[in-house]
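The values are calculated or read from the model by the stated rules, or taken from the named source; none is laboratory data. Note that the structure is a prediction, hence the values are computed from the model and not measured. Cβ placement follows ideal geometry from the backbone for every residue including glycine, while neighbour counts extend to all protein chains displayed.
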């Protein structure tokens, strides 16, 4: 399968939680009736606008447009609405569509629109080629599966009497320990005409170099179509980017055909174990981290949390929960060694001076100052160019607007954060809205900020975004002035 969201885990991190979030992929197959494309769609329910039903349940919906194009011509077109299950709260929902197409080169374009918030639209496109020469050995794309069970009724996800649910995002998180995939080999009866071997392996990809970590084989007899439903235990596979490869080989193990696809794995428990084992051979007794007390170690690791990749945040949490002091020392030392190979202690001390100041600046009775929303963003993005604070604006709790002229991490200019304190407790402001990629993007932030003035809210509570202007209201201007 060729996934339109390559590195989907990173993509999930980069899409604001309130923006429409969908995973789209496709796979190409052959059959006696002709070639066809399966299009898989997974919609994140929490990013879809819901409508309350008469029984107080909720439901969301997305409108889908599918185009298969050759040059300026639209060869096939589809339009449909996909509804989420009705329930007390919205859940993720999926769909699969099959499109018969003659062999050739196509551009696939798909538009996904929130049916109850039409301005929320996501567009995807990819080039694909359908080429299954008659009587020649060929392979379908690889379809990663989230679940497989015997089919009890016909349906779009049923094939060979099995109900096969596609895996969204080509991503295996914690607890997903079995890699299951479906694949087809064509014309082995004519192209090989003798028993053959399907070899399938998992390669770890790092800096463009593949290292095979898992390998298995399955013997096959020649047939017009060899359907394959295969499983691999990936419970010991560490976090990283991987490639699943399916090779067709003759009895002499000569390679006849191959197909591959990328996927991602997040496995923090194995990462922590591997880290401990790797660190057992490293000597740090003469490094600065050896002099840190357990309390100083924990404080230092929590301070750098905003700077860590998401997979490492979980890894560090495990180290802290397990009181793995050696692992904590090694991780902290390795982090600052990557930042400054000649003098990691110096850059560590410089950072901790900033962290201590941020801790003091945004101190809270419940957590460290750099663990509050404002402190976290200060550590992550640096000092804002401007801070505007409002304490007594009508109908609004205290709030702050932070302005950045430039953020290198996201390659953005002129961006804003707005924090507010609805509880009026402990000066602990929380993030209400931002236009920084990857942070909370809340189109209805004004309704939340001025919720004490419901009479001035728009009549349409589903997709309304602004309250009426009033004397003394500054927040909208502060967020829009550049």
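Annotations for the structure displayed:
- Residue in the range 438-449 that is touching a helix residue (DSSP H, G or I) at 6+ places or on another chain (Cβ under 7 Å), assigned to a loop (DSSP other than H, G, I, E, B), modelled with pLDDT of 90 or more and not assigned by TED's automatic domain parsing to the domain that holds residue 49 present: no
- Taken over the range 214-234, the residue count meeting the criterion of being outside any strand (DSSP E or B) and either over 26 Å from residue 165 (Cβ atoms) or in contact with a helix residue (DSSP H, G or I) (Cβ under 9 Å, 6 or more places away or on another chain) (or both) is 4.
- Hey, residue 326 in a helix (DSSP H, G or I) and within 20 Å of residue 475 (Cβ to Cβ) or not: no
- With respect to the conditions (1) more than 21 Å from residue 225 (Cβ to Cβ); (2) in a strand (DSSP E or B); (3) not assigned by TED's automatic domain parsing to the domain that holds residue 71, residue 113 lacks only one, and its number is (3).
- Across the range 131-154, the qualifying residues are those that are assigned to a strand (DSSP E or B) and within 29 Å of the chain's Cα centre (by Cα), and the one among them that is nearest to residue 193 (Cα to Cα) is 139.
- Verdict on residue 257 being in contact with a strand residue (DSSP E or B) (Cβ under 7 Å, 6 or more places away or on another chain) and over 29 Å from residue 374 (Cβ atoms): yes
- Matching entry among 65, 82 (being at pLDDT 95 or above, within 18 Å of residue 38 (Cβ to Cβ) and within 22 Å of the chain's Cα centre (by Cα)): 82
- Residues of the range 368-393 that turn out to be more than 21 Å from residue 424 (Cβ to Cβ), free of Cβ contacts under 8 Å to residues at least 60 places away in the same chain and out of contact with any strand residue (DSSP E or B) (no Cβ under 7 Å at 6 or more places or on another chain), as a count: 3
- Looking only at the range 422-436, and only at residues there that are outside any strand (DSSP E or B), closer than 20 Å to residue 379 by Cα and at pLDDT 85 or above, the one that is nearest to the chain's Cα centre (by Cα): 436
- With respect to the conditions (1) assigned by TED's automatic domain parsing to the domain that holds residue 34; (2) in contact with a strand residue (DSSP E or B) (Cβ under 8 Å, 6 or more places away or on another chain); (3) loosely packed, with under 12 Cβ neighbours inside 10 Å; (4) at pLDDT below 90, residue 102 lacks only one, and its number is (4).
Conditions tested, residue by residue: (1) assigned by TED's automatic domain parsing to the domain that holds residue 199; (2) more than 30 Å from residue 141 (Cβ to Cβ); (3) assigned to a helix (DSSP H, G or I); (4) touching a strand residue (DSSP E or B) at 6+ places or on another chain (Cβ under 9 Å).
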| site | (1), (2), (3), (4) |
| --- | --- |
| 251 | yes, no, no, yes |
| 262 | yes, no, no, yes |
| 276 | no, yes, yes, no |
| 286 | no, yes, no, no |
| 290 | no, yes, yes, no |
| 296 | no, yes, yes, no |
| 299 | no, yes, yes, no |
| 319 | no, yes, yes, no |
| 330 | no, yes, yes, no |
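- Any hit, the range 78-85, residues being more than 13 Å from residue 116 (Cβ to Cβ), in contact (Cβ under 8 Å) with a residue 24 or more places away in the chain and either part of a loop (DSSP other than H, G, I, E, B) or touching a helix residue (DSSP H, G or I) at 6+ places or on another chain (Cβ under 7 Å) (or both): yes
- Cβ pairs under 9 Å, 6+ apart, first in the range 41-66 and at positive phi, second surrounded by fewer than 18 Cβ atoms within 10 Å (Cβ to Cβ): 56/88
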